[in-house]
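See structure below.
The values are calculated or read from the model by the stated rules, or taken from the named source; none is laboratory data. Computed from a predicted model, the values in this text were never measured in an experiment. Using ideal geometry, Cβ is built from the backbone for each residue, glycine included, and neighbour counts are taken over all protein chains shown. Each accessible area value is taken on the protein alone, full model and side chains, heavy atoms only, with ligands, DNA and RNA left out. Shrake-Rupley method; radii C 1.70, N 1.55, O 1.52, S 1.80 Å.
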Amino acid sequence: MVQPVDRTVGVFRRAAFQWLVATCAILATNKPLAAQTTVEISVDVARPGATISRNIFGQFAEHLGHGIYGGVWVGADSPIPNTRGIRNDVVAALKAIHVPNVRWPGGCFADEYHWRNGVGRERVQTLNPNWGGVIEPNSFGTHEFMDFLEQIGAEAYLSVNVGSGTPHEAADWMEYLTAAQPTTLAKERATNGHPAAYKVGYLGIGNESWDCGGNMTPEYYLSQLKIYSRFVRNYNPAQQGKDAMPKIAVGPGGGDARWTEWTEAVMKAYQHHQWSWDIQGLSLHSYTVVRWPPAYRSVGFGEPEYAQILKSTLQMDELITKHSTIMDTYDPKRNVALVVDEWGTWYTPLPGTNPGFLIQQNSLRDAMVAALNLNIFARHADRVRMANIAQMINVLQAMIVTDEAKMVLTPTYYVFKMYVPFQDATFVPVKFEAGAYSVGDVTLPRVDAIAARDRNGKLWLEVTNLDANDPVEIEATLPGINPKAASGETLTAPKVDSVNTFDAPNTVAPKPIAAKVQGGRVILTLAPKSVTVISVQ
Ligand code: AHR
């Protein structure tokens, strides 16, 4: 069995930088709250901000461990209920969180993926050297992926092979998928079951090309990027002109000089780009790991590890600010989106599992991590217009865990479900004094919050209480609004490392919560270590 040693070493370097100070929301400050337990939040409905793209709730599904095989694909002959080989329980769960897009087939896997192995009757058996060295049966290929997306109602975000493939191979794949005219490749697609041209929502040109994607210098990658951007075309008639498929370049994997130089190089080239190539996105990869190799356990930890992981995850804000600032120099109109297409927690593999499969538990702490990151993305909505949590099922910070016929929804899944109203909502600024919550030498903001108006004009407020021990009372003022009632859901659990299991699937599940409305204020008490979303009527 091949272990992903080379990958891990590359990731060490990538994540070697550590920010010194964790900061809270842009509009929040970290003043200690002394003995008081009330946090006043002022919701500024008169100053609407950017649209929070539904695409920031995107998923990432790589051919890695049981992310695809067992997690999504069981095959049409499986006793596990399925539709054309795709698990019905998983489809139903993903539909409920309105997954906007899925990035596939990798990850590192993408730069060794040859699409022809995964179409037609005879599938080629290959290996997956990045992830456990197991056999890759290729039974889940292009048609199965597109079928899966159709079943869950999501768009395709394809990562094409730049590392070990060719522009020719990638161009053929796109023609196979998107040509409406009867080319030989389009006819082959029809023979394989799909006469109509597929839509491909987004195209990623390479993955971590500075590491597992081929250890390229920025200059070498840029020459590849221009060629792929020019020749890997989307022919679907419905995706031309203003509806053209956005192309996403490989971006940074951290915040130190190596990464700022990479962002500088790509964005400088973009500033001077000619008609023959273009990009609409720059990716950013950042895992919550504290240090490499991953040393934190996903379950069986205490409050210090809870606080350390939250501190680490809050660095996402500074990382985005750093790269956005560089992007602003070369793209002041913010035409190029920052696409955080790999984010989430990365812990030590669960004991007894294949370390190449990246299997970890998902606890209440992960729910807090998810909420804090989604809030950071929302605050940067004018630049961060897409994000993909790693990874959708059975891998790293998953939404869903399966074992044969069993399935359980994770605490992270429930956060994504609670945040559905924020998809394509308009950001509304909030002001509050976050206070401070300290554990040993780690000090965190005590609360975090965002607000938004959905497309029907309804106001939504999310408030996270990071404090593992004490409740917080929230008093929200909404100048210009006369609230009549406010209610929603709250997610908490007995312990910071509480998890859902197949036997106890509802230990960390949302419960209804109602706020008091008094004197034009919305008042509610947040349980310790909780994520709460309410709407205001
Ligand atoms: O998500 C697991 C791996 O992490 C991906 O394959 C790679 O892109 C990243 O380093």
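Name the helices (runs of 4 or more DSSP H) wholly inside region 163-278 in which the number of residues that are closer than 29 Å to Asn130 by Cβ and within 16 Å of the ligand (Cβ to nearest atom) is 3 or more. Even if it seems obvious, please write down each step before you answer.
Details: elements: 167-178, 184-191, 218-231, 257-271.
Passing ranges, in order: 257-271.
Report yes if some residue within region 372-389 is closer than 30 Å to Ala76 by Cα and either within 16 Å of the ligand (Cβ to nearest atom) or surrounded by 24 or more Cβ atoms within 10 Å (Cβ to Cβ) (or both); otherwise report no. Let's see the steps before the verdict.
Within region 372-389, the first condition is being closer than 30 Å to Ala76 by Cα, and the residues that meet it are 388-389.
From the residues that got through so far, the ones that are either within 16 Å of the ligand (Cβ to nearest atom) or surrounded by 24 or more Cβ atoms within 10 Å (Cβ to Cβ) (or both) too are 388-389.
The answer is yes, given that some residue of region 372-389 is closer than 30 Å to Ala76 by Cα and either within 16 Å of the ligand (Cβ to nearest atom) or surrounded by 24 or more Cβ atoms within 10 Å (Cβ to Cβ) (or both).
Just name the residue that is farthest from Gly204 (Cα to Cα) out of those in region 96-132 that are within 15 Å of the ligand (Cβ to nearest atom) and assigned to a loop (DSSP other than H, G, I, E, B). Working first, answer last.
Step one: list which residues in region 96-132 are within 15 Å of the ligand (Cβ to nearest atom), which gives 102-113, 128-132.
Subset that is assigned to a loop (DSSP other than H, G, I, E, B): 105-107, 113, 129-132.
Details: Pro105: 11, Gly106: 10, Gly107: 10, Tyr113: 13, Pro129: 21, Asn130: 19, Trp131: 21, Gly132: 24 Å.
Step by step, filter region 96-132, then rank; the result is Gly132.
Could you grab me the full set of residues in region 139-162 that are of a type in the set (S, T, N, Q) and either in a helix (DSSP H, G or I) or surrounded by 22 or more Cβ atoms within 10 Å (Cβ to Cβ) (or both)?
In the first step, residues of region 139-162 are kept if they are of a type in the set (S, T, N, Q); the result is 139, 142, 151, 159, 161.
Result: Thr142, Gln151, Ser159, Asn161.
Being within 21 Å of Pro246 (Cα to Cα), open to solvent by less than 50 Å² (accessible area, probe 1.4 Å), of a type outside the set (A, V, I, L, M, F, W, C) and touching a Ser or Thr at 6+ places or on another chain (Cβ under 9 Å) is the filter here, so list the residues in region 183-207 that pass it.
Passing the criteria: Tyr198, Gly204, Gly206, Asn207.
Could you go through region 359-368 and let me know if any residue there is within 16 Å of the ligand (Cβ to nearest atom) and closer than 13 Å to Pro294 by Cβ.
Kept after step one, since they are within 16 Å of the ligand (Cβ to nearest atom), are these residues of region 359-368: 359-360, 362, 366.
Still in the list and also closer than 13 Å to Pro294 by Cβ: 359-360.
Yes, region 359-368 has at least one match.
When you scan region 474-487, do you find a residue that is closer than 30 Å to Arg297 by Cα and surrounded by 16 or more Cβ atoms within 10 Å (Cβ to Cβ), even just one?
Within region 474-487, the subset closer than 30 Å to Arg297 by Cα is none.
The answer is no; no qualifying residue exists.
Got a sec? Which of Ser298, Ser312 is hydroxyl-bearing (Ser, Thr, Tyr) and more than 21 Å from Pro445 (Cα to Cα)? First the steps, then the outcome.
Numbers: Ser312 fails: more than 21 Å from Pro445 (Cα to Cα).
After ruling out the rest, the residue left standing is Ser298.
Answer with yes or no whether Arg103 is crowded, with 18+ Cβ neighbours inside 10 Å and basic (Lys, Arg). Give the derivation first.
Working: crowded, with 18+ Cβ neighbours inside 10 Å: yes; basic (Lys, Arg): yes.
So Arg103 fits the description; yes.
Checking Val39 against (1) in contact with a strand residue (DSSP E or B) (Cβ under 6 Å, 6 or more places away or on another chain); (2) at pLDDT below 95: exactly one of these is not met. Which one?
Condition (2) is where Val39 drops out.
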